Each structure stands twice: as C-alpha cells, then as structure tokens.
Amino acid sequence: MKRSAEAASLLVDRAAAASKVNNNASSDDATLHCVSMIASSASLMSTSHHMSSSSLSSSTTKSTNNNSNQTFLTRFINARLLQRDGSLERGELTVDSSTGIIIQIRFDSQQHQPLQDNTDNNIDHNQQISHTVDCRGMILSPGFIDIQLNGAYGIDFSNGGCEDNHDDDSAANNSRNNSGLRIHDIFQVATSLCQSGVTSFCPTMVSSSRDTYRRVLPLIRSARKQQQQQQQQQRDNTKIGANILGMHLEGPFFDPSKRGAHDKRHILAPSKGIVTVKEVYGLNQVQEEENDNDVDYSSPMLEDINIITLAPELDGALDATKSLTQPSANEHNVVVSCGHTGATYEEGLQAISHGATLLTHLFNAMNPFHHRKPGLVGLLSSKSKLASMGYQRPYFSLIVDGIHVHESAVSMAYNSHPNGCVLVTDAMSAMGLGDGVHALGDMSVNIKGDRATLTGTDTLAGSVVSMDTCVRRFRKFTNCSIGEALLCATLHPSNVLNRSVMQERATEAPIGVLEIGARADLVVVTDELDVVATWVNGKIAYDGRKLL
C-alpha cells in the first residue's frame, strides 16, 4: 500500500505541474488539454452517497470492509469528457464525494493513454468505488458558472430592505418584501440554479444606495461561509445548491447616459479613486451591527467582491482600477470590468493598461462599433496591438437571450475572440416566474416572454433566460461545436475569476475544468445541450427526471 500511495502522490504532482503549464498559456492561444492523468488522494474520508437519474444508469457496490476510515468513490463511465480545447474525449472520471474533488481520469482514445493500465491500483484499500454512473455516451462537462446574476425565482440580490433605496410610491417597493434579502433566499436561488446546470454563480447587485451595499454584502458573505461549512460537514444527500462565489457589483460608477435600467440617483464617478469606491460600498468601515445571529454584519470587505463593473473614462476610474487589480501584498484582487460606459477605443486601451480584464455585456450600454470609432468593441480584434503593449485582449460577456444582442453580432464577437467569450444570464428576479411586474433593485420591471423592460419604457432590464438556454442559443447563433459552446459557460468564466488552476496560497480547488484536483462540479448534458443531471461538490444536486 505504501508503494501505491507514493505512486499516487507522484501522479498528483505530475498532474498539477502539467495543469500549470497548460494554464500559463495566453487566453488568445488555443489551450490544449494535458494527457490523461490518474491519481488518488492519500488521505480521504466520508461515507457513500446514492446518485441516480432516470436518464443515467447508476449502480452501487457493497463493501464488506466496515472500516470507519473507508472512503467511497463515484465513477462516471461511458461519458464524453469536455477538454480545454473544446474537444469531447470518451472516458471515465472518478470523484471522491467526501472532498468534492476529481481524483481520477481515464480516456479511451489512443492519444490520451493513462499513465498506468490498471487504474484501480492507484486506489488504496480504504478507497472503493461505491457508485458507478453510466452516462450512456452523453457529455460530462464542468458545471456552468454565471458571473452576472442579479437574482432569480422571485429573489432580488439588490433588495436591501432599506427605505432610502427607493421611492415610497414605486411599484418595485410595493412588490418587494419589506424585510429585504435573507440568507434562505440566497440558498433558494442556489438550489434552483442546479436545474439549469449552474454550479457556481456571482450574486450581482445593480447600482444601489450605500445603506443597501452595507447590508447586502455582509449577508452574501455569511451565506457563502455557511454554505462552505455545510459542504464540509455534509454526510447525506441534502442538496446545498450551486456554489456562492464573491459578488459582482455592477455600478454605481457609470456614465449617466449609459446607465440603462440603473437608478440615476445612485450613479456617480469614483472621483477619489479607491477612496470613493470604499466609501460607497462601505468597505472596512465601522458600522452598527444588526441583531441577527445568522449574519455577520461586520463591515463589507474587498474579499466579499469578485468583480466590479465601472466606466473607465470617469474621473478617478483608472486609479480605482489600478488599486483594485494590482493591490499591495496580502490584499484581495478584484476583477475590474468595463461597462455602462461611453469609453472610446483609446480609453479602453488605457483601462486595460491599468488592469481591466473584462467587458460587461458586450454591445449593451456602450458605444456601438463604428469603422472610424470602434469603441470598446474594437478591442476584440486588437490582439497584435495589445500584445505589442504587453497586454492581452479582454474577456467579454454576452447575454445570449436572442433579445439583448442580435445573433449576427453574437457570431461576429465570438469569431473575433473565441477564447474570450463568456456567457452570462444577467438574469433578474423574474427568471423562472413568467410574465408580470417584478423588481430589479428599486426599479419596476415588466416581463413578457423572454423580454424584461423597465415598466412604461422600452429599456431592457436584464434577462429572464437560464444559462442552459443561453448555451443552446449561443451554439445556434455561432454554429460552433458543442464543446466550444460549453467552454463559454465553464472554462472562460473560470479564467476571468482566475479559478481554472490552483494558485499559490489558494484554499479553493479549481472550477470550470475536468482535471485531477479540480472541484467535482459536474453537469451531464445531451447533444442538444439539455441538462440531464447536476453534481455540486461531488454530490447530486439535480436528478433531471422532470426533463424526461
């Protein structure tokens, strides 16, 4: 057993090294997946979990070893596994559900030979395959990652319950719960998202009052911490839901003329750079704590935030961007995205030189492309120019609901920079509810079909389509391969968040990839990209029986 453990440790090291080599490549270059690697963790613990779907064949292997330290594993067989280059390779994948980590991968094809022929030799006597899930030739993909989700299923992440965040006579005020957002609301969204294949999401706030930021940021932080604790302690099939990531704060540092559905009362410039940013969000400021044992209402922190969308041309915006993306030692790095902006092409280049790496919902709330004034859209075709400056092209998010962006524009953007395309829903609270009047922050929104507009106007106000719908429509609009469409909802958003490889001092496993050491956040989909089943942290989160 000692030799087996040593071999497994060596394989893990090789896998990690190869993963780092692959991921150091520029996002502008086609990234190829490393050869198949097989490994097992040296010290694992848990009990087995029953996993099944009416479309999947699942079997359970009984063990005669009653050792309390025994670890039971789940193996997915007869699957086509999504690779970093978008190819689909037939093979099998093994997960340790107690840690939620992928520990083995084996491919059938000649070009992906396993490092050892007998993979079970890499599993010591305290680890046994307890469940086998037959994917029947369907696609096994990393779970979808939505980095811009304002809410869903009747829950609004910008609902701070603050009286000064809205007008007393607003329809949004009449429709919202006066108590505001609660932790159980966030968990409700997380659980429901799994049916659309989403396994991780960034709760997103529209431009809001300072009091709302001070209440919602600590609330989301508490929900995220509670979820992480539940995942560590989980020993049954209780569904925890999609992973709650750091927040995406969309605003309020916008060009007023490009504010879209955001309330003009909250729009301002970060005139004092990072100082203004911290003042508006209430970062690291002493505040009066509320009496709620479930919520840590201590001051919001940069660590609560993954992404900030701002207009780079505003006074103080470039200084804020540099401070957020290039912090001093031991400070949290925040992704800065350009959006709701009237920035020119030249101002976009400046933003990138100061650390911006993303464009928020491309084409929407920004200057249109013109052959003499390309605006931010022109950055997608500026690979050589940016490379000469020492930078890479930015990632760009797209709302592919068939309403926000014409299919021709979707195809044009993707073909200009395929490795930079990130699908987002930009969904608001009405997603999953149907037609009617709903709330987005302190605004009233009318829903009819897939279209969401500010009540009484034609201004688009987010979307109401799910991520799996966006993936299907994206493939239809671009005529890309199945794998290429999946990458835009998995690997690419993970790259934006710098979560596709293990980083130094990182405490969280990679997401958005099927590789040894990555989180076992998985989705099984058909060739039509319909979601069949979803696993989060190695445990079943959605069984898909209602789809059959």
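The values are calculated or read from the model by the stated rules, or taken from the named source; none is laboratory data. Keep in mind it's a predicted model, so treat the numbers as computed, not measured. As a convention, Cβ positions derive from the backbone with ideal geometry for all residues, glycine included, and neighbour counts pool all protein chains shown. Calculation scope for accessible area: heavy atoms of the full protein, side chains included, ligands and nucleic acids excluded. Shrake-Rupley method; radii C 1.70, N 1.55, O 1.52, S 1.80 Å.
Details
- Whole-number accessible area per residue in Å² for the stretch 275-431, which is evaluated in the context of all protein chains at 1.4 Å: 41 Å²
- Packing rank of 360-370, 310-320, where each peptide gets the mean count of other beta carbons within 10 Å, highest leading: 310-320, 360-370
- Extension gain (nm, one decimal) between residue 264 and residue 325, 0.36 nm per residue minus Cα-Cα: 19.3 nm
- The slack between residue 479 and residue 153, meaning 0.36 nm per residue of separation minus the straight C-alpha distance, is 114.3 nm.
- Kirkwood analysis of the stretch 427-548, using all unique Cα-Cα pairs, places the hydrodynamic radius at 16.7 Å.
- Relative contact order (%) - criterion: Cα under 8 Å, at least six apart; region: the stretch 316-474: 16 percent
- Theoretical gain in end-to-end length, residue 239 to residue 448 [0.36 nm per residue, Cα-Cα removed]: 72.1 nm
- Kirkwood hydrodynamic radius of the stretch 484-524, from the reciprocal of the average inverse Cα-Cα distance over all distinct pairs: 10.5 Å.
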